[in-house]
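Accompanying notes for the structure given below.
The values are calculated or read from the model by the stated rules, or taken from the named source; none is laboratory data. Every value quoted in this text rests on a predicted model; they were computed, and no experiment measured them. Positions of Cβ are generated from backbone atoms using ideal geometry, with glycine treated the same way; all protein chains shown enter the neighbour counts.
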Amino acid sequence: MTGRDDNLISVFIDEEEFLVPPGTNMVEAARLAGKEIPHYCYHPKLSVTGNCRMCLMELGMPLKDHSTGEPIIDRRGLQKIGWMPRPAIACATRAFPGIHIKTDSELVRECRNGVMEFLLVNHPLDCPICDQAGECSLQEYAADYGRGYSRFVENKNVKPKRTRLGPRVMLDDERCILCSRCIRFCKEIAKDDVLGFVDRGSYSTLTCFPGKDLQNNYSLNTVDICPVGALTSIDFRFKMRVWFLKETPSICAESSVGVNTHIESREGKIYRITPRRNDEVNDTWIPDSGRILYKSIDTDERLIHYTIDGSHTLVDGAAKEAATLLREGAVAVVGSGRASVEEQYLLGKIASAVKAISVSLVSRTGDGDGLLVSADRNPNVRGALLTGLITSLPHANLGGLASAIESGEVRTILSFGEDLTQCGVEKQLLEKVNVIYFGSHCNETGEVAKVVFPTLTVFEKAGTFINQQFRLQKFLPAVPGPQGVLPDIVSLGKLCSILDGEAIPPTGPEGVWAEMNTEIPQFSAIDFENIPINGILIDGSQWEHLPFIEGMSLHYDPDNNRQIMAEVTKSK
Amino acid sequence: MPPTEQRIILKFADQPGYANDIECYLRHGGYEMLHKAFDMEPGDICHEVELSRLRGRGGAGFPAGMKWKFLDRKSGKPIYLICNADESEPGTFKDRQIIHKDPHQLIESMMIAAYATGTKLAFVYIREEFPEGALILEKAIEEARAANFVGPKILGSDYSCEIIVHRGAGAYICGEETGLIESLEGKRPYPRIKPPYFPAVLGLYQCPTIVNNVETLCNIKHIIEIGGEAYSHIGTPAATGTRIWCVSGHVRKPGYYEFAGGAITLGELIYDVCEGMRPGRKLKAVIPGGSSAKVLRADERFHGHLKDHTSFDWGLKDIPLDYDSFMAVGSMSGSGGVIVLDDSVDMVEALANLNAFYAHESCGQCTPCREGSLWMKKITSRMCSGEARSEDADLLVSISKQIEGRTICAFGEACSWPTQSFVAKFKDEFVAKASEAQSQATGSENGDRLI
Ligand SMILES: Cc1cc2nc3c(=O)[nH]c(=O)nc-3n(C[C@H](O)[C@H](O)[C@H](O)COP(=O)(O)O)c2cc1C
Ligand code: SF4
Ligand code: SF4
Ligand code: SF4
Ligand code: FES
């Protein structure tokens, strides 16, 4: 037994030995062993109820002699296994030393066939019009374990087909397989126990508590975890067949939690945003409010032209003009907590090249919900600290900037994505100075700007954010931006190289990272390509004294994070 | 001469003039055993119960002493005692007699059990359909509290314990102990998965909990009275004490009869105690332990070996009334509800009736029972309305086999055993239904329709 992690226990799955952490249930143990045990009600982040019975397996344990306690050895010299006469559910069976399971025996297959037949007898034949088709566990397992023909000649049960459970979730009770995942989610995760079953037996029906609505900001997660098409998103239903959708890994920019997402798109159009599992950040959940952020990318307010004094130009022209203005000095830079780490780094370079009088960031705050929306609604304030763009936490009001304009101290402002009229700088005041504005949508700052650079949204570009845990996380472009609009790294890079005379500006995050590797000690070993899918913790201990505003959330505890930081520091 | 009953639990219940108030109970020696028990160490009481080899009367026949021993005392959590008075198994009506006629016997026994197990709070979970029983119990508990038998500092000791009567809301599944516990917690009575939720470890409010049937608990005071060892000599070694058999159906004298374990045979119960079949009728079948027990056919012969390796060769009438004999013939003594069917009964209709009950009562939590019970009901109902098919009998058995052993609670077996045994033993009638349907005949002519 040398060389093994002492904490692991050995389990035998279909006669092969695997080592798993103690407490692992057999669905997960099989997964670790590369086998799937089909299941419906089990969900790794919810309590175990064991109601669907799809995960039945054979369970055995090594036999011991009752009187001596010695293992009983069979003719082959192996310890004899006592197989239980009844199948057991994998989801509620936890690893114990020497446990044996069969996941593929005659009996196991027969159990699965039986459960599948039962689930289908009263199930409607809706697949052709059902949104779940293509990502439906019932469809998938029916292909593996279905009988292929029906023995059911009775009338099927009739249940409500279209019940609005809340503003965003629609229920088809006939498709519901009564797995109770949605009920458990509302109770255990969203802490809004509004769903439940009424009636008994096969007539059991999911419903919302009378007088209540399923309207908490996490309601759409029930749609994701519903294994069938019983719960559908009112926004997404009937819009697109899921097998046409491309999934791009991304990060939700709603707050500093940094929820991991998939952007699901087809032919350059986003249809929905779904959570991407990250057990260190958001588990398998996402707030409803984060799912709709993509909706603004196609609006009329979108900026699509590089302009100087309102006339269209190309990016090089805009960069040249901006450089000229910036070189005149008396510059204030307003960065953004929504910009990526790479953009913040380049912005910082620009600020130092022009010896900016001030660099500020605009804070965005709200109430944290203790789960996946934090009080800091900027996704990347920590990125601005790491890149040296700022050294203290941002404020909501740029009153200092307003008086600096008033006094004539500031003559040029570069704003990256922020509408300054929303943070204490009046439009009339802005008209007194040269404004260079980088932004994705038009606003009053854009209107008065001399030079405008249209930018891409997080859905259209690649980059990284650093969340409240100081976890660096990567997002990739899901859809192309408006025609002719270059990635923000490119525009900033061009401007930067004019200002500091560098020959080849970066064209993507890889190039910026090559620079940051040498410039920023905490980033020294990181290469953009290889940032792990679950992100990587950055040593942020240097900023630990700052009064960050986030409270507790799902996997973040401000006090605890200090300890985690200390460990990251030690390990470096 | 019919065999005479040996009444211990129902000793006074039907005596003329015996009332269910505390004065009457005290006049008959009531609560003396509570005094005696309070002079004993709790551990010694548990030991006596173990010695008595008392087995559960609620259905499974599990040894009570062993159940009490399983209580997780290391956890330091409070211990709860629950009396299961849900008595919903069709054909069972014994607990009701006890509650209505001798409630103090139950209360005295419960308080002894509570003291012995260190219970913090005791409950009686009584089915909704016993409104009278609930009132009687509440009044009796009030009387017992006034006499310091229940409540704070019982009999001047340091031990305090209340009994709370909780009424169900009309669901059979609340009789299943973990469903009962969920219901008592105010939730839907969805039975819990075992493991991990064994009541003795993670019961009511996730605390160690004992659930015992009314009749089981009533035996406790008698065990204290004569001692566990002496009690174990009543009946047979594997069926100690007495049992109340509830006989219903086509006998001349249905009712409840208390006999020592194994003291009489099924034949004696039906023909001597219950005075046989109605005039002109012949015995056709017996469901021996509540409706979920597998049916036995009148002309069957049973061979095999008992646990003690003795061989047996019995007709239906020869089966001794005890746990293991009914197991040996492939059925069970269950809740003690003996349902007698005569030759007027259409067995397909009888099964349709049972299937309707189980489909109605399935809690619906787990797939096989939820879908299987209703499917079987739909089939047998169709068979009884002139649309039987020749493949139905085998289909029914196949469905029931897909339920049995694969569910969260024993309701899975309860709803599949009737179908399995009815079809196995009366297949000719199921086949006949199909040919009748083919020849356009509808319904049955013999006897009263059961659905
Ligand atoms: C579906 C189902 C229904 C049950 N109903 C009852 C009941 O009504 N009364 C009862 O005492 N036990 C009932 N039981 C048995 C209980 O689960 C439990 O075993 C019993 O109360 C334990 O008491 P005992 O050991 O004293 O028999 C039922 C079990 C099942 C599976
Ligand atoms: S839930 Fe699945 S099986 Fe049912 S209709 Fe929808 S796609 Fe088909
Ligand atoms: S609606 Fe979906 S998640 Fe909810 S119980 Fe039904 S099948 Fe399960
Ligand atoms: S076996 Fe039936 S009664 Fe028991 S939990 Fe499952 S559905 Fe409910
Ligand atoms: S996954 Fe449903 S019972 Fe295990």
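Quick check on my filter: what residues within segment A:86-116 are under 18 Å from residue B:407 (Cβ atoms) and touching a helix residue (DSSP H, G or I) at 6+ places or on another chain (Cβ under 7 Å)?
Listed by number, the residues that qualify are A:87, A:90, A:91, A:93, A:112, A:113, A:114, A:115, A:116.
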Identify, please: which residue in segment B:202-246 is outside any helix (DSSP H, G or I) and within 25 Å of residue B:78 (Cβ to Cβ) and is, among those, nearest to the chain's Cα centre (by Cα)? B:213
Identify all residues within segment A:134-144 that are of a type in the set (Ser, Thr, Tyr) and away from ligand 5 (no atom under 14 Å from the Cβ); write none if there are none. none
Residues A:107, A:59: which one is surrounded by fewer than 19 Cβ atoms within 10 Å (Cβ to Cβ), more than 16 Å from ligand 1 (Cβ to nearest atom) and over 36 Å from the mean Cα position of the chain (by Cα)? A:107
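Could you pull out every one of the strands (runs of 3 or more DSSP E) wholly within segment A:241-344 that has 3 or more residues that are out of contact with any Gly (no Cβ under 7 Å at 6 or more places or on another chain) and aliphatic (A, V, I, L, M)?
On the way: elements: A:246-251, A:260-266, A:269-275, A:306-308, A:311-313, A:331-335.
Qualifying strands (runs of 3 or more DSSP E): A:331-335.
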May I ask you to list the residues in segment A:350-389 that are more than 20 Å from the chain's Cα centre (by Cα), of a type in the set (Gly, Ala, Ser), part of a loop (DSSP other than H, G, I, E, B) and crowded, with 20+ Cβ neighbours inside 10 Å? A:356
Helices (runs of 4 or more DSSP H) wholly inside segment B:1-83 that include at least 2 residues being within 22 Å of the chain's Cα centre (by Cα) and of a type outside the set (S, T, N, Q): B:42-52, B:64-69
Testing residue B:160 on (1) within 12 Å of ligand 1 (Cβ to nearest atom); (2) touching a Pro at 6+ places or on another chain (Cβ under 8 Å), one condition comes back false. Which one is that? (1)
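Where residues in segment B:385-407 are more than 27 Å from the chain's Cα centre (by Cα) and crowded, with 22+ Cβ neighbours inside 10 Å, which of them is farthest from the other protein chains (Cβ to nearest Cβ)?
Here the residue is B:393.
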Of the residues in segment A:206-224 that are crowded, with 20+ Cβ neighbours inside 10 Å and closer than 20 Å to residue B:364 by Cβ, the one that is farthest from the other protein chains (Cβ to nearest Cβ) is A:222
Count of segment A:532-572 residues which are assigned to a strand (DSSP E or B) and not hydrophobic (A, V, I, L, M, F, W, C): 2
Could you count how many residues in segment B:91-113 are hydroxyl-bearing (Ser, Thr, Tyr) and assigned to a helix (DSSP H, G or I)? 1
Considering A:171, A:178, which residue is within 13 Å of chain B (Cβ to nearest Cβ), under 29 Å from residue A:245 (Cβ atoms) and touching a Ser or Thr at 6+ places or on another chain (Cβ under 7 Å)? A:178
Among A:530, A:561, the single one that is over 27 Å from residue A:334 (Cα atoms), out of contact with any helix residue (DSSP H, G or I) (no Cβ under 7 Å at 6 or more places or on another chain) and buried (at least 16 other Cβ atoms within 10 Å of the Cβ) is A:561
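Which one of B:172, B:190 is of a type in the set (Phe, Trp, Tyr), in the same structural domain as residue B:32 (by TED's automatic domain parsing) and in contact with a His (Cβ under 9 Å, 6 or more places away or on another chain)?
B:172
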Of all residues in segment B:356-395, which are within 16 Å of ligand 2 (Cβ to nearest atom) and of a type outside the set (Ser, Thr, Tyr)? B:371
For residue A:521, are the conditions met, namely being without any contact (Cβ under 8 Å) to a residue 40 or more places away in the chain, in the same structural domain as residue A:343 (by TED's automatic domain parsing) and within 16 Å of residue A:382 (Cβ to Cβ)? yes
Among residues of segment A:124-156, those that are within 14 Å of chain B (Cβ to nearest Cβ) and more than 14 Å from ligand 2 (Cβ to nearest atom), counted: 7
For segment B:154-164, does any single residue satisfy the condition of being within 18 Å of residue B:83 (Cβ to Cβ) and within 20 Å of the chain's Cα centre (by Cα)? no
Restricting to segment A:40-61, name every residue that is within 12 Å of chain B (Cβ to nearest Cβ) and assigned to a loop (DSSP other than H, G, I, E, B). A:40, A:41, A:42, A:47, A:48, A:49, A:50, A:51, A:52, A:53, A:54, A:55
Quick one: in segment A:110-128, of everything that is without any contact (Cβ under 8 Å) to a residue 24 or more places away in the chain and surrounded by fewer than 21 Cβ atoms within 10 Å (Cβ to Cβ), which residue is farthest from ligand 5 (Cβ to nearest atom)? A:128
Quick one: would you say residue B:292 is buried (at least 22 other Cβ atoms within 10 Å of the Cβ) and assigned to a helix (DSSP H, G or I)? no
Kindly indicate the residue of segment B:342-363 that is part of a loop (DSSP other than H, G, I, E, B) and within 22 Å of the chain's Cα centre (by Cα) and also surrounded by the most Cβ atoms within 10 Å (Cβ to Cβ) among those meeting that condition. B:362
Here the residues within segment B:277-294 that are among the charged types (D, E, K, R) and under 20 Å from the mean Cα position of the chain (by Cα) are B:294
Please indicate, with yes or no, whether at least one residue in segment B:319-342 is within 13 Å of chain A (Cβ to nearest Cβ), within 16 Å of ligand 1 (Cβ to nearest atom) and modelled with pLDDT of 95 or more. no
With more than 28 Å from residue A:520 (Cβ to Cβ) and not hydrophobic (A, V, I, L, M, F, W, C) as the only criterion, which of A:473, A:428 stands out? A:428
Report, by residue number, each residue of segment B:364-383 that is more than 8 Å from chain A (Cβ to nearest Cβ) and surrounded by fewer than 22 Cβ atoms within 10 Å (Cβ to Cβ). B:381
Given the options A:82, A:77, A:69, A:98, name the one that is touching a residue at least 12 places away in the same chain (Cβ under 8 Å), more than 14 Å from every other protein chain (Cβ to nearest Cβ) and either crowded, with 16+ Cβ neighbours inside 10 Å or in a loop (DSSP other than H, G, I, E, B) (or both). A:98
